[in-house]
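All of the numbers you see were taken from the coordinates with simple rules; none came from a lab. A quick note: this is a predicted structure, and the numbers were derived from the prediction, not measured. A quick note on method: Cβ atoms are made from the backbone with ideal geometry, for glycine too, and the neighbour counts reach across all protein chains shown.
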Amino acid sequence: MIKNYLKINPEVASALADNRPVVALESTIISHGMSFPKNVETALAVEQAVRAAGAIPATIALMDGKICIGLSKEEITLLGKTGLAVTKCSRRDFPFILTRKRMGATTVAATMIAAALAGIRIFATGGIGGVHREGQFNLDISADLQELARTNVAVISAGAKAILDLPLTLEYLETHGVPVVGYQTDWFPAFYTRNSGLKVDYRVDDATEMAEILKTKWTLGLDGGIIVGNPIPEAFEMGKDIIDAAIEEALAKAKQKNIKGKDLTPFLLGAVEAETGGRSLDSNIQLVLNNARVAGEIAKAYYNKS
Ligand code: PSU
Ligand code: MN
């Protein structure tokens, strides 16, 4: 039974049972997205931001043969300290990591799967995976995009990093019927910068309307997620030239080292951070906090109870 694989912490379980707002949070951002101790500090601050918005946070990871929904401070610290030695898990990895009782950090795709199993509909992260540069030749397309096409969870993110091919990413999402919303913007955000220069399908200005749109989609049986693109706050936006140069350097290094598959995204994230002397990390933290806040507000409107 699925239930045997789920370990939902009591606070989250009771919120779900009472139809109170819950926000799912991923753990690959902790193990592979940032380094210790900033990763742990950020993960805890993100949980606080969800609480401040009036929702219950549920950070998700695989541990001891269970899909854990809602982690303790100790579990978050363990993930953060173990870092890259934790297995980065997407859809394909669940059966192996659970059977072998290994520790697994969930990507956007895996967090969507786990959230849906637990009955959580709203999920906040930093940036989603997408179609990599030259994706039309190397077919490196994140499993996040397929998951968004099939699993009923709304993903609040600051868009996707320009390490990816953003136009191809949006084309792929359109083909698979995944709506891309700009939250208080007409433009798809590019993570460190507010505007990728690419238009979103729909602009939505408030949490209440966003919640209604989600209910309408799922009531109609139109399975799949929605991307809610929430741009980085202006004060923390990076200069486009600085970030573009760092990304070009990172991409060149990855090519030279022949980094491929699931290692590519963490490698590029680390290389960009190193190139910008940690400045990108501050922006990264601030945009995740902002996404947690907006996700909390959408969850409150969706569950209509606090
Ligand atoms: N993009 C970021 N930060 C991240 C990730 C992506 O800006 O931490 C992580 C997320 O967990 C995402 C995963 O789901 O990388 C995508 O990896 P891949 O490209 O291998 O599918
Ligand atoms: Mn990939």
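Take 229-238, 18-27, 196-205 and order them by the average number of nearby Cβ atoms within 10 Å per residue, most first; the result is 18-27, 229-238, 196-205. Length gained on full extension, Leu220 to Asp201, computed as 0.36 nm times the residue gap minus the Cα-Cα distance: 4.9 nm. With viscosity 1.567 mPa s and temperature 4 °C, the Kirkwood radius over alpha carbon pairs of the range 63-120 converts through Stokes-Einstein to a diffusion coefficient of 112 µm²/s.
Comparing mean-square fluctuations of Ala124, Ala160, Ala13 from a GNM of the chain with C-alpha springs under 10 Å, the top value falls on Ala13. Remark: spin-label model distance Asn4-Asn19 equals 3.2 nm, labels positioned 7 Å along the Cα→Cβ axis. By the count of other C-beta atoms within 10 Å, a proxy for reagent exposure, Asp241, Asp93 are ordered fewest to most as Asp241, Asp93. By the count of other C-beta atoms within 10 Å, a proxy for reagent exposure, Ile242, Ile156 are ordered fewest to most as Ile242, Ile156. For the range 150-155, putting each phi into the Karplus relation 6.51 cos²θ - 1.76 cosθ + 1.60 with θ = phi - 60° gives couplings of 10, 10, 7, 9, 8, 10 Hz, in residue order, rounded to whole numbers and with x for Gly and Pro. Once the Kirkwood radius over Cα pairs is known for the chain, the Stokes-Einstein relation at 20 °C and 1.002 mPa s delivers a diffusion coefficient of 113 µm²/s. One Cα centroid belongs to the range 9-48, the other to the range 249-306; the line between them spans 15 Å. Taking every C-alpha pair closer than 8 Å and separated by at least 6 residues, the mean separation divided by the residue count of the chain gives a relative contact order of 21 percent. The packing ranking, built from the mean of other Cβ atoms within 10 Å per residue, places the peptides 144-153, 211-220 in the order 144-153, 211-220, highest first.
For the range 1-128, the average shadow cast by the Cα convex hull is 7.0 nm², which is a quarter of the hull's surface. For the cross-link pairs Lys240/Lys260; Lys38/Lys73; Lys66/Lys215; Lys199/Lys255; Lys66/Lys262, the ones whose C-alpha atoms lie over 18 Å apart are Lys240/Lys260; Lys66/Lys215; Lys199/Lys255; Lys66/Lys262. If I build a Gaussian network model for the chain, linking alpha-carbon pairs within less than 10 angstrom, which residue out of Ala61, Ala252, Ala295 has the largest mean-square fluctuation? Maximum fluctuation in the GNM of the chain, among the listed residues, is at Ala252. Its relative contact order, with pairs defined as Cα atoms under 8 Å and 6+ residues apart, puts the range 45-204 at 16 percent. Charges were assigned to the Cβ only: +1 to each Lys and Arg, -1 to each Asp and Glu. The resulting dipole of the chain about its Cα centre is roughly 1080 debye. Exposure proxy shown here: for Leu168, Leu268, the number of other Cβ atoms within 10 Å sets the order, fewest to most, as Leu168, Leu268. Mean projected area of the Cα convex hull of the range 132-244, taken over all directions, amounts to 7.1 nm².
Calculated FRET efficiency, Glu234 to Arg92, Cβ-Cβ distance, R0 = 30 Å: about 0.20 to the nearest 0.05.
Give me the distance between the Cα centres of the range 117-162 and the range 56-112, rounded to whole Å. Here the answer is 17 Å between Cα centres. From its DSSP helices (H runs of at least four residues, each -39,500 (n - 2.57)), the chain gives a residue-normalised ellipticity at 222 nm of -14000 deg cm²/dmol.
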